[in-house]
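S.K.: Pasting a structure here, questions to come.
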Amino acid sequence: MKKTFNLLLAGLLAFGIVACDKPQPEEDDKKDDETQTPVDPGTGDQGGNQGGDQGNTNKPQQFEFPFYEEFPIECGNLLTEGSEVGVTIEVTKVEEQNFVFELRPGPLVQSFKLDVYPMAQLYNNLLNDRTFGNLTTPESWAVNERIREYLFNESGSGGYAFSIDDFTSPEEFLQIEFDWMNTAYAPASAIAIPDCEYLIAVVASTDKTISSSNQEDITLCYVHTTSQPLIGDPQCEIEVNAGYRIFGVQHHLNADAAAVYFFGWLTDEIDDYIDNFGDTMFRDFVRTRVTSPSVANDPNNPESLYYSVSYGDEADASIRSTTVAVAVDANLTPQEDYSRVDFHLKEMPDEDEQPVADLEVKIVEDRVAAAYFEFEVEFAKDCQTLFYRCVTHEDAETYRNMSDKEKRNLARSLRDEAYGFHNPNFVWDAENDMSTGSGATVRLDMFGGLMPGQTYEVMYIGRNGFGTLTDLRFSEPFTLDQRNLESPDNCKVKDFKLTLDNPGRTQFRGTVTYDPSTVSMVYIQYMTATNNPGLDENSSWKEWVDFIFTPSSSGTGSYESSNMLVNPWPTLSSGRDGLTWTGMEPGVEYTVFACAEDFDGNISPMFFDKITTTEVQVGPDPTINMALVPSKYDQYDWTVTYKIDHDVEYFLYCYTDSPADLAAFMPGINKGHLNNIKDSGFSYEEWANGIYEWVAGGFEENGGGMRAESDTSQDFAGDQTVIAACIAVGRDADGSPVYKLYHLICKDGKAQTLEEIFGIE
């Protein structure tokens with residue numbers, strides 16, 4: 001039976017709400033996981049498309065409100081009339097990933113607070129409130145009062161305030177339209193996704209500045225987004241790897257799944273949610289926790305389909321955990337159900353039955369400098385990981401005298417916050433709960449935040465295969481060299497060379513080479529004729545070292561450098577280091593200065609080199625050369641390069657292997673179309689226009705276009721079909737912008753253009 005929501009009589013307005021009729025008693029046991037039936041089933045198209053033609057009424061499609069007896073939210077459905085001290089809410093347009101609504105304040109209203117809540121998250125908040133005693137009665141007034149309190153939350157998650165004074169005229173305040181996903185509020189409040197339920201909440205005030213003490217009526221309005229018919233059968237296989245204190249989850253998408261939402265938590269709490277609100281609402285809870293789903297081969301997140309959770313010292317193998325995944329197609333239409341795996345952590349043996357993670361840290365005396373030192377770690381075979389921190393000798397004495405409890409807490413702090421390094425030969429046999437690898441000796445180094453002439457110790461712990469920590473341990477004390485700021489004459493630095501090359505419009509490369517046996521640190525930075533410390537190549541060595549190293553109120557004291565703008569680089573065994581400076585100005589001469597420090601605290605002479613960035617030459621034929629080449633990075637397979645040829649002011653560039661990125665510009669596109677472009681049913685013009693609009697849209701329109709003014713590149717892994725594209729921007733003789741699209745369709749290490757695929761000359 002359908003639940004129909006009609007406006008209540010004015011008698012309820014004393015509570016400051018406008019409500020909907022409750023369902024009839026015989027319907028009280030209905031669960032949300034039953035199929036939700038639209039009020040007007042005939043509004044969809046013949047294929048069942050919820051976003052189809054709705055006739056000539058131009059009214060948004062109305063869905064059944066998800067009512068739960070123990071959490072009785074009183075609201076309107078697409079329309080809620082407000083009183084003279086309330087705000088009318090009317091939803092005027094509903095789409096798959098957006099909705100538009102009007103707010104019409106009553107005649108006495110001078111300000112209001114607004115927010116939009118995914119229903120799944122709102123119900124979760126109410127469930128938590130009941131659990132923790134903040135919602136003590138299943139009465140509608142109590143539920144609505146909690147929503148009021150959400151709007152006035154002072155922790156940073158409250159609603160958005162609007163005053164009549166924010167508008168140019170009182171008339172504008174009387175009818176305000178919110179095109180929700182095109183507002184600044186949606187990313188921080190509620191991202192609209194297909195086939196999902198939302199509640200618009202507004203609290204009014206008769207004062208021009210609304211607060212919790214002067215609020216009047218609250219109005220609530222329900223809206224349900226539409227969706228495209230599901231393409232195929234998107235599914236996600238969940239792979240759980242449970243350890244003793246931590247578990248990891250990997251997700252594997254099938255060919256129909258363009259992306260996935262996932263979530264892991266305690267089984268009892270997930271089941272409590274489902275028992276109260278049903279599987280469909282829980283599916284939407286998983287989808288609305290984040291702003292976007294995860295996709296495979298995300299260049300910005302190589303582990304986009306993986307997550308892990310550590311229970312740390314509170315790990316309990318008796319507690320059951322659950323992880324859930326919701327797959328979506330290229331249009332973000334979700335699968336009807338979700339994937340779920342319940343599991344336990346592994347049972348851990350008692351600590352006295354475990355092997356000790358033995359290890360020792362030894363300082364390398366001849367590699368101790370003024371701002372740098374090296375040490376060796378000797379791992380036993382049962383030691384998986386070292387955690388360490390450099391501390392002063394005085395602090396080390398304090399730590400050694402702490403209580404056993406304080407030492408255990410400090411050890412945990414090292415594990416969670418300090419540096420770490422794994423035994424490279426450690427191998428763990430999880431089936432038999434034992435290490436089968438071997439010990440190892442590893443050389444490590446430290447720099448940064450070290451005071452020349454100060455005495456230090458390395459404080460460290462080890463961790464075994466069960467995650468159990470050793471007691472606190474300390475290296476022998478050692479003293480850093482004093483720094484010599486009087487003369488470079490005794491400096492032992494050899495073969496130091498500074499080279500600048502590869503100038504672009506906004507970048508250039510700097511490289512230093514040296515004999516690594518003689519260099520502990522390199523100090524380097526750039527300057528221009530108009531932006532410098534008042535020094536140049538003709539300034540004395542003493543002036544330069546005073547600038548770099550002398551303690552100052554604006555610097556870091558007498559550490560590795562005084563000036564925060566100077567880059568300190570530690571020695572590398574290769575005797576070579578460098579970087580590409582970006583964000584430079586075109587056509588500007590840059591000077592890079594550098595010096596090195598030996599292992600006795602002596603500073604080398606200063607070294608200089610100059611380079612000029614190239615000028616921007618804009619013209620009517622903006623040309624970019626694109627190429628697909630093998631990646632030089634281990635975690636990637638391929639690199640697409642974008643190189644400016646001529647006439648380019650700037651360009652927008654991006655790549656994708658997901659049809660979801662193109663769906664807004666090529667409706668109905670799926671993975672199969674992407675893998676077979678020529679026979680996809682989309683024409684050459686549709687592909688070219690779709691790619692162009694996607695790049696041009698930029699991030700604001702869910703496009704991929706990032707701006708660049710110099711040559712750049714993008715890396716990706718795998719053998720999937722990848723579209724890489726850019727729009728080059730030039731200008732004609734009149735100064736008007738000229739736009740040209742360049743692209744490559746990449747697959748299995750080969751690259752083609754659309755013209756080549758479609759046989760267009």
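FYI, it's all coordinate maths here, none of it is from the lab. Note that the structure is predicted; figures quoted are calculated from it, not measured. Please note: Cβ atoms are built from the backbone with ideal geometry, for glycine as well, and neighbour counts cover all protein chains shown.
S.K.: Per residue of the range 430-443, what does 6.51 cos²θ - 1.76 cosθ + 1.60 with θ = phi - 60° give for ³J(HN,Hα)? Whole Hz please, x for Gly and Pro, Karplus curve as stated.
M.R.: Taking θ as phi minus 60°, the curve returns 5, 5, 9, 6, 7, 8, 10, x, 9, x, 7, 10, 10, 9 Hz for the range 430-443.
S.K.: Rank-order 78-84, 746-752, 257-263, 291-297 by packing density, defined as the average count of other C-beta atoms within 10 Å over each peptide's residues, highest first.
M.R.: Result, highest mean Cβ count within 10 Å first: 257-263, 78-84, 291-297, 746-752.
S.K.: Can you match log10 I(q)/I(0) by the Debye sum over Cα atoms at q = 0.05, 0.08, 0.09 Å⁻¹ to one of these, (i) -0.38, -0.97, -1.16; (ii) -0.34, -0.82, -0.99; (iii) -0.27, -0.69, -0.87, based on a calculation from the structure here?
M.R.: Calculated log10 I(q)/I(0) by the Debye sum over Cα atoms at q = 0.05, 0.08, 0.09 Å⁻¹: the matching label is (i).
S.K.: Would you give the gap between the C-alpha center of the range 339-403 and the C-alpha center of the range 295-331, rounded to a whole Å?
M.R.: Answer, in whole Å: 28.
S.K.: Right, next: Dipole magnitude of the chain about its Cα centre, charges +1 at Lys/Arg Cβ and -1 at Asp/Glu Cβ only, in debye to the nearest 20?
M.R.: Value, rounded to 20: 1260 debye.
S.K.: Suppose a student asked you for the relative contact order of the chain, using Cα pairs under 8 Å spaced at least 6 residues apart; what percent would you report?
M.R.: For the chain, the relative contact order is 9 percent.
S.K.: Apply the Karplus parameterisation 6.51 cos²θ - 1.76 cosθ + 1.60, with θ equal to phi minus 60°, to every residue of the range 666-678 and state each ³J(HN,Hα) to the nearest whole Hz, in sequence, with x for glycine and proline.
M.R.: Couplings: 9, x, x, 5, 9, 4, x, 5, 5, 7, 9, 4, 5 Hz.
S.K.: Is the range 57-172 best put as rounded, prolate or oblate by its Cα gyration tensor, with a ≥ b ≥ c the root eigenvalues, rounded for a/c under 1.5, and otherwise prolate when a/b is larger than b/c, oblate when not?
M.R.: Taking the square roots of the gyration eigenvalues as a ≥ b ≥ c, the range 57-172 is oblate.
S.K.: Let me know the shape class of the range 497-612, please: from the alpha-carbon gyration tensor, a ≥ b ≥ c as square roots of the eigenvalues, rounded when a/c is under 1.5, otherwise prolate if a/b is greater than b/c, or oblate.
M.R.: Oblate is the answer for the range 497-612, as a/c is 1.5 or above yet b/c matches or exceeds a/b.
S.K.: Given H placed on each backbone N at 1.01 Å, which residues far from Ala370 in sequence or on other chains put an amide H within less than 5 Å of it?
M.R.: Amide H neighbours of Ala370: Asp481, Gly601.
S.K.: Quick one: which residues, 5+ away or cross-chain, put their amide H under 5 Å from the amide H of Leu469? H built at 1.01 Å from N.
M.R.: The list, which skips near neighbours in sequence, is empty: none.
S.K.: Continuing with this model, one more query. Let me check against my output: what whole-number percent is the relative contact order of the range 357-470, with C-alpha pairs under 8 Å and at least 6 apart?
M.R.: Normalised by residue count, the contact order of the range 357-470 is 42 percent.
S.K.: Right, next: Expressed as a whole number of Å, what is the distance separating the alpha-carbon centroids of the range 558-630 and the range 422-444?
M.R.: Using only Cα atoms, the two centres lie 40 Å from each other.
S.K.: Related question: Starting from the amide H of Phe496, placed 1.01 Å from N in the peptide plane, find each other amide H under 5 Å away whose residue is 5 or more places distant or on another chain.
M.R.: Residues meeting the amide H criterion: Asp515.
S.K.: Now for a separate question. Alpha carbon centre of the range 684-761 versus the range 481-513: separation in Å?
M.R.: The range 684-761 and the range 481-513 have Cα centres separated by 40 Å.
S.K.: Percent relative contact order of the range 236-344, based on C-alpha pairs within less than 8 angstrom and at least six residues apart?
M.R.: Computed over the range 236-344, the figure is 39 percent.
S.K.: Apply the Karplus parameterisation 6.51 cos²θ - 1.76 cosθ + 1.60, with θ equal to phi minus 60°, to every residue of the range 136-153 and state each ³J(HN,Hα) to the nearest whole Hz, in sequence, with x for glycine and proline.
M.R.: In residue order, the calculated couplings are 9, 9, x, 9, 4, 5, 5, 5, 5, 5, 5, 5, 3, 5, 4, 5, 9, 4 Hz.
S.K.: For a quick protection proxy, order the peptides 267-279, 112-124 by their average other-Cβ count within 10 Å, most packed first.
M.R.: 112-124, 267-279
S.K.: Based only on other Cβ atoms within 10 Å, what is the fewest-to-most ordering of Thr226, Thr506?
M.R.: Thr506, Thr226
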